[in-house]
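Peer 1: Take a look at the following structure, please.
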Amino acid sequence: MIGSQEEAEEAERKANPPVVVEWGDRRVVLVGTAHVSQRSVEEVSRVLREETPDVVCVELDEDRHRALSESSWWTGLDLWKVIRERRVSFLIANLILSSYQRRVGMETGVRPGSELMEAARLGEESGCDVVLCDRPIRTTLLRAWRGTGWWHKMQLLAGLVGSVILPEESVTEEDLARLQEGDVLSGLLEELGDTMPSLKTVLVDERDRYMAEQIRKTAGKRVVAVVGAAHVPGIRKILESEESEFDLETISRIPEPGRFSRLLPFFIPALVIGVFVIGFFLGDGEAFKEAALAWVLSNGAFASLGALAAGGHPLTIFSAFVAAPLTSLNPAVGAGMVTALVQTFFRPPHVGDMEGLSEDLQSWRGWWQNRFARILLVFVFSNLGSTIGTFVAFGWLKELV
């Protein structure tokens, strides 16, 4: 029985072997992995023992490495600073992107990224240089978001929300088996490229170029690179090409928001103020007062409902009502910034909330039960309510002109 199992594992390794690229006196072994597979962890360990490399490259950046290596890094997060610097949306996206993969990892019994951390650990123990060769995750996410059209952004958001509220039963045994084969990642990304080419370019193609160049720049003669299975073909093609070094500055730069995105925060307040001015000088005074009241009530009421739906503190809900009519006219401040700061002040997260965040985010209920996550919900729902209230108020404001 044991012999047959070993034979099956050996046959699988031969069917999906590491890829070797050689040029001159250098040898690079690309190990393609699935990030929640015990099989990948074992394969990484085997290859490193056999290859005895000078350098080990892993598909991580500094932030992701810290998140994987420091289980309590959340306890040191300065939430006030995150809110003030308007990085809450990035934080939420990062959390959601990892939630589904983490849930699948619970099903397989393997923590996401275990094979990457195993590669780094074994490399350090053997005295190798360990290179974190992936592009910073914040750069990747912002390039993907700002390079995607409005409709595809809505599809992406729907997918992110779905990854949170998707029932755990939807992860079938067949899904898990296919995931552990590794090649399913390539198929998923090919499908992504068909529907949203700009996302595939940023999430896959650009990172292939970035990681390949980091591998090229290493000084080692024998290099083992541990990367997701979907990246192996692209990295191999780049390493085998005779093309000179890539200019990484372009794909390392966070693009400026589009003209429409830059002007929209100013356009809406200008439109509202313009309508009020016209109504004041040309319209009926009583109608102007009613419209002004409608502006306050619609913005305040919907923002308050958002804070209430997020489970905000009573004073957070009140602050949403007061702040939303004003922040809707200020492009630099959103209602969510105010409500998130108020929620943080009156219901700060406990140490247990920070330490249990990863587990709590596995279900949609956990987002409301965890105080840290609830602050993020307050931010999102207050902003959403204020936005809805702004458009509802236009129904009254248009009567002024």
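Here, each number is a calculation from the coordinates, and none is a lab measurement. Note that the structure is a prediction, hence the values are computed from the model and not measured. Here the Cβ positions follow ideal geometry from the backbone for every residue, glycine too, while neighbour counts run over all protein chains shown.
Peer 1: How many nm is it between the label spots at Q38 and E124, if each spot is 7 Å from the Cα in line with the beta carbon?
Peer 2: Modelled inter-label distance: 2.5 nm.
Peer 1: Between R222 and L248, what length in nm is gained on full extension when 0.36 nm per residue of separation is reduced by their alpha carbon distance?
Peer 2: Details: separation 26, 0.36 × 26 = 9.36 nm, distance 2.35 nm.
Net length gain for the segment: 7.0 nm.
Peer 1: I need the phi-derived Karplus couplings for the stretch 206-219: 6.51 cos²θ - 1.76 cosθ + 1.60, θ = phi - 60°, integer Hz, Gly and Pro marked x.
Peer 2: My calculation for the stretch 206-219 gives 5, 5, 4, 4, 4, 5, 4, 5, 5, 5, 4, 6, 5, 8 Hz in order.
Peer 1: Between L315 and W368, what length comes free when the chain is fully extended (0.36 nm per residue of separation minus the Cα-Cα distance, one decimal in nm)?
Peer 2: Between L315 and W368, full extension yields an extra 17.3 nm.
Peer 1: Additional query: FRET efficiency for R146 and W23, Cβ-Cβ distance as r, R0 = 41 Å, nearest 0.05? Write out the running numbers ahead of the final one.
Peer 2: Working: r = 36 Å, r/R0 = 0.87.
So, using R0 = 41 Å, E works out to roughly 0.70.
Peer 1: Taking 7 Å along the Cα-to-C-beta vector as the label spot, tell me the K289-N330 distance in nanometres, rounded to one decimal.
Peer 2: 2.7 nm
Peer 1: Shifting gears a bit: Along Cα→Cβ, 7 Å out, is where each label goes; now give me the distance between the ones at S89 and E240 in nm to one decimal.
Peer 2: 4.1 nm
Peer 1: Got a sec to turn the phi values of the stretch 293-302 into Karplus ³J(HN,Hα) couplings, 6.51 cos²θ - 1.76 cosθ + 1.60 with θ = phi - 60°, whole Hz, x for Gly and Pro?
Peer 2: With coefficients 6.51, -1.76 and 1.60, one gets 5, 5, 4, 5, 5, 5, 5, x, 5, 5 Hz.
Peer 1: To the nearest 0.05, how large is the calculated FRET efficiency for L297 and R138 if R₀ is 56 Å and r is the Cβ-Cβ distance? Spell out each step's value before the answer.
Peer 2: Working: r = 38 Å, r/R0 = 0.68.
FRET efficiency, L297 to R138: 0.90.
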